[in-house]
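Structure record follows, encoded as structure tokens.
The values are calculated or read from the model by the stated rules, or taken from the named source; none is laboratory data. Keep in mind that this is a model prediction, so the values were computed, not measured. With ideal geometry, Cβ positions are generated from the backbone for all residues, glycine too; neighbour counts draw on all protein chains shown. Surface accessibility is based on the protein's heavy atoms, side chains included, excluding ligands, DNA and RNA. Shrake-Rupley method; radii C 1.70, N 1.55, O 1.52, S 1.80 Å.
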Amino acid sequence: MKRFFALSASLVLAGGLLAGCGGNNNNNAAENNTAGNNGAAANTATDSSKPVTINMFTASPEYTDAFNAYIAEYKKVKPNVTINLEIMQADYNTVLKSRIAAGSTPDVFQTTAGGDIDTFAEYSADLTNEPLAAAMTDAVRSNMSSSDGKVLGLPVKGNLFVLMYNKKLLTEAGITEVPKTTAQMDDAIAKLEAKGITPFANAYKEWWVWKHIFQHFVDAAAEDAGTDAKTLVADFIAGKTTFKDHPVLYNNFFNFIDTTVKHGTDKPLERDSNAEVSDFALGKAAFMTGKGAWDEEAIKKITPDFDLGIAGYPVSDKAEQSQIITGADQALRINKDSKVVNETIEFFNWLYTSDYGKSWFSTVAKVIPPIKDAPLPDLQMPKEMAEILKTEKSGDLSVNYSLDTFHQKFGELMQAYIGGSKNKDQTVKEIEQAWIQFGSAQ
């Protein structure tokens with residue numbers, strides 16, 4: 001996921017690039033460019049003399065400066081190409097769907113990965129045989145692929161979902177090992193509170209933090225059931241299984257949420273993402289829930305010498321089920337019917353394969369690169385991730401197996417649960433119903 005900042009819907013870019021409408025209303029010269037039907041023609045040489053405008057519509061304001069940087073760099077490579085960037089945070093999905101319905105699909109647009117790869121397949125260029133697809137790591141390529149194996153998206157970044165902790169506060173409380181089991185977490189909470197330290201910072205005002213926590217319990221439930229997370233989620237969507245069939249979900253997940261509320265910062269339903277980051281960065285809590293690698297820079301801006309640790313969630317009494325989760329959960333899509341589809345694919349092939357592009361991920365965007373042979377950013381979390389993965393395996397990015405329509409409903413139901421308007425069994429029943437109703441693209 002991403003940091004959620006208040007931002008105006010449209011941004012005017014540096015270097016004279018005007019924010020575009022996000023649709024296909026390109027300038028007259030661009031109208032004459034050949035449009036590919038599915039991206040297969042993208043390897044055909046494009047005319048570098050005709051002006052071309054690419055309209056890009058995203059929901060990632062935290063990467064505005066980084067996007068501006070590669071737009072400016074590409075202008076040096078292709079002076080005839082102008083990239084108009086429009087970024088919208090609130091109501092992005094609603095606006096995107098309305099534009100698609102109106103026949104004004106942006107040349108580039110953003111969706112979640114996983115199930116939504118299929119949801120938007122009919123609007124997406126097939127990138128399977130492009131250099132950018134070959135450059136992706138295997139895990140990322142899988143996250144960008146449709147159910148029939150076509151690469152229909154490209155990620156801004158690889159991602160990392162973890163339970164963050166303040167190393168200094170754990171040391172002050174005498175906690176020498178990061179808790180990996182529920183019993184160890186209970187012990188850590190007691191030690192922290194004995195020192196007057198609040199254990200958890202939460203952002204339960206946000207619907208999307210819930211899915212980040214929940215997926216760790218889904219992975220454990222799948223393992224306990226002798227299956228994989230994709231199959232387990234498919235069974236929930238098909239109505240073939242229930243929470244009560246999986247104690248890690250029915251008991252452990254709700255117990256963990258109850259624990260974070262009881263032993264967390266005040267008024268959890270009023271704490272948004274920025275407030276949670278501030279609470280954590282200022283040392284007001286030892287652990288931060290529901291977040292990931294995208295938060296490190298914001299934490300370090302508040303407290304530059306913050307000593308940040310990462311861990312999997314203690315989901316059960318099995319230490320090996322406490323895993324960090326890696327992969328790509330957000331995808332950019334190239335409109336297959338865009339009048340500048342060839343030029344757009346050429347641009348992203350450049351980003352994924354050029355020397356500048358390989359360094360852009362780590363040194364400009366400062367994200368975990370989604371491509372092979374690219375350096376990690378000089379940040380603490382990616383470095384700790386690399387060390388952990390030397391001896392432990394990554395958990396499955398199981399949020400990708402359900403649509404965000406489900407995840408949003410799930411978050412709203414969990415907010416009602418901790419707000420006291422629904423009890424546990426009511427919440428479980430409605431989550432199961434939402435999974436059947438909203439979980440799948442089919």
* Selected residue (only one of Val341, Val367 is modelled with pLDDT under 95 and not basic (Lys, Arg)) -> Val367
* Subset of segment 133-170 [surrounded by fewer than 24 Cβ atoms within 10 Å (Cβ to Cβ), part of a helix (DSSP H, G or I) and among the hydrophobic types (A, V, I, L, M, F, W, C)] -> Ala133, Ala134, Ala135, Ala139, Leu169, Leu170
* Just for segment 282-297: of the residues that are of a type outside the set (Phe, Trp, Tyr), buried (at least 18 other Cβ atoms within 10 Å of the Cβ) and under 21 Å from the mean Cα position of the chain (by Cα), which one is nearest to Val209 (Cα to Cα)? -> Gly290
* Which of the residues that make up segment 92-115 are of a type outside the set (Ser, Thr, Tyr) and under 21 Å from Phe67 (Cβ atoms)? -> Asn93, Val95, Leu96, Arg99, Pro106, Asp107, Val108, Phe109, Gln110, Ala113
* Structure fact -> Scanning segment 210-226 residue by residue, those more than 14 Å from Gly312 (Cβ to Cβ) and open to solvent by less than 50 Å² (accessible area, probe 1.4 Å) turn out to be Trp210, Lys211, Ala221, Ala222
* Every residue from segment 30-65 that is modelled with pLDDT under 70 and of a type in the set (D, E, K, R) -> Glu31, Asp47
* **Verdict on Lys339 being over 29 Å from Glu122 (Cα atoms) and of a type in the set (Lys, Arg)** => no
* Filter segment 379-403 for residues that are under 19 Å from Asp329 (Cα atoms) and assigned to a loop (DSSP other than H, G, I, E, B); which is modelled with the lowest pLDDT? -> Leu403
* Given the conditions (1) over 26 Å from Ser394 (Cα atoms); (2) at pLDDT below 95, and given that Asn159 satisfies all but one, which numbered condition is not satisfied? -> (1)
* Exclusive hit being free of Cβ contacts under 8 Å to residues at least 40 places away in the same chain and more than 15 Å from Pro314 (Cβ to Cβ), set Asp235, Asp187 -> Asp235
* State the number of residues belonging to segment 307-318 that are in contact with a Lys or Arg (Cβ under 6 Å, 6 or more places away or on another chain) and surrounded by 16 or more Cβ atoms within 10 Å (Cβ to Cβ). => 2
* Does Val218 satisfy being touching a strand residue (DSSP E or B) at 6+ places or on another chain (Cβ under 8 Å) and either modelled with pLDDT under 95 or not in a loop (DSSP other than H, G, I, E, B) (or both)? -> no
* **Search result, residues across segment 70-101 that are without any contact (Cβ under 8 Å) to a residue 60 or more places away in the chain and over 20 Å from Ser60 (Cβ atoms)** => Lys76, Pro79, Asn80, Ala101
